[in-house]
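The values are calculated or read from the model by the stated rules, or taken from the named source; none is laboratory data. These numbers were taken from a predicted model, which means no experiment stands behind them. Cβ: placed from backbone, ideal geometry, glycine included. Neighbour counts: every protein chain shown.
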């Protein structure tokens, strides 16, 4: 079977504890990256408060302020 290596990996990620944990971590990181990306876009628009952005993204107000501070450090 040509797809045997893919089948083995699929079984690993779906049916073993280690595989499921790794996939969950990858997905969690991906969702967090998306939230940060949305926060950056909203901060650049400058129309929303940190509290509003936190409400939309699910990130904490502290994290939004950290992201905002890091954007200020980047030269235009």
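Some observations on this one:
- Residue match in the stretch 21-35 (condition: assigned to a helix (DSSP H, G or I), in contact with a helix residue (DSSP H, G or I) (Cβ under 7 Å, 6 or more places away or on another chain) and closer than 14 Å to residue 59 by Cα): yes
- Going through (1) surrounded by 11 or more Cβ atoms within 10 Å (Cβ to Cβ); (2) in a helix (DSSP H, G or I); (3) modelled with pLDDT of 95 or more one by one, residue 59 falls short only on (2).
- Test for residue 9: is it more than 18 Å from the chain's Cα centre (by Cα) and exposed (fewer than 10 other Cβ atoms within 10 Å of the Cβ): no
- Close Cβ contacts (under 8 Å, 6 or more residues apart or on different chains) running from residues in the stretch 3-14 that are free of Cβ contacts under 8 Å to residues at least 24 places away in the same chain and at negative phi to residues that are in a helix (DSSP H, G or I) and surrounded by fewer than 11 Cβ atoms within 10 Å (Cβ to Cβ) comprise 12/18.
- Evaluating residue 47 against the criteria (1) part of a helix (DSSP H, G or I); (2) over 13 Å from residue 68 (Cβ atoms) leaves one unmet condition, (1).
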